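*Asks:* Okay, handing you the structure first.
The values are calculated or read from the model by the stated rules, or taken from the named source; none is laboratory data. Treat the numbers as computed from the prediction; the structure is a model and nothing was measured. Cβ atoms come from the backbone with ideal geometry, glycine included; neighbour counts cover every protein chain shown.
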Amino acid sequence: MSVCVPAPGWQIRTDVSPDWIFLRVTCSEVEADGSPPIAETAWSLAEEQGVNRMVVELDESAHLTSYLIGQLVLLHKRCYLDGGIVRLCGMSEPQYSVIQLMRLAERLPNYANREAAVMGYRP
């Protein structure tokens, strides 16, 4: 596992397997910088590892701002154009309702945990 700090107050913990990259995005400060380059950081790791399938776990303290959702959409687009996928996991219902409200649930499905995300199983 490695830890990256793309902006003050943010951390991205990464685990890499031969087929998947797992990103745990956390916000450690109340007034964290609102513009961490999450998509750029994740895609750089993907290119380095040669993996185009990702699971993004958002911490409950991470507010789904339009910028953060834009980063998830950008990451999805980069993976999709490379033949990969992005799946979310562990998001609370209020967090994921924002994704659903923006009609992004089909592109960014939410799963209960990493294992379910990898298997593509949603109850």
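*Asks:* Taking only pairs six or more apart or across chains, which ones have beta-carbon atoms under 9 Å, a first residue in region 80-103 that is over 19 Å from MET119 (Cβ atoms), and a second residue that is β-branched (Val, Ile, Thr) and surrounded by 20 or more Cβ atoms within 10 Å (Cβ to Cβ)?
*Replies:* TYR80/VAL86
*Asks:* Answer yes or no as to whether ARG114 is modelled with pLDDT under 95, under 12 Å from the mean Cα position of the chain (by Cα), buried (at least 16 other Cβ atoms within 10 Å of the Cβ) and over 21 Å from GLY9 (Cα atoms). It would help to see each step written out before you state the result.
*Replies:* Values: modelled with pLDDT under 95: yes; under 12 Å from the mean Cα position of the chain (by Cα): yes; buried (at least 16 other Cβ atoms within 10 Å of the Cβ): yes; over 21 Å from GLY9 (Cα atoms): yes.
Yes.
Residue-by-condition table, conditions (1) surrounded by 13 or more Cβ atoms within 10 Å (Cβ to Cβ); (2) closer than 22 Å to VAL16 by Cα; (3) modelled with pLDDT of 90 or more; (4) in contact with a Gly (Cβ under 8 Å, 6 or more places away or on another chain):
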{"position": "GLU31", "(1), (2), (3), (4)": "no, no, no, yes"}
{"position": "GLY34", "(1), (2), (3), (4)": "yes, no, no, no"}
{"position": "CYS79", "(1), (2), (3), (4)": "yes, yes, yes, no"}
{"position": "LEU88", "(1), (2), (3), (4)": "yes, yes, yes, no"}
{"position": "VAL118", "(1), (2), (3), (4)": "yes, yes, yes, no"}
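*Asks:* If you check LEU64, LEU72, LEU23, which single one turns out to be of a type outside the set (Gly, Ala, Ser), surrounded by 14 or more Cβ atoms within 10 Å (Cβ to Cβ), assigned to a loop (DSSP other than H, G, I, E, B) and without any contact (Cβ under 8 Å) to a residue 60 or more places away in the chain? Don't jump to the end; show me each part of the working.
*Replies:* Working: LEU72 fails: assigned to a loop (DSSP other than H, G, I, E, B); LEU23 fails: assigned to a loop (DSSP other than H, G, I, E, B).
That would be LEU64, the only listed residue that is of a type outside the set (Gly, Ala, Ser), surrounded by 14 or more Cβ atoms within 10 Å (Cβ to Cβ), assigned to a loop (DSSP other than H, G, I, E, B) and without any contact (Cβ under 8 Å) to a residue 60 or more places away in the chain.
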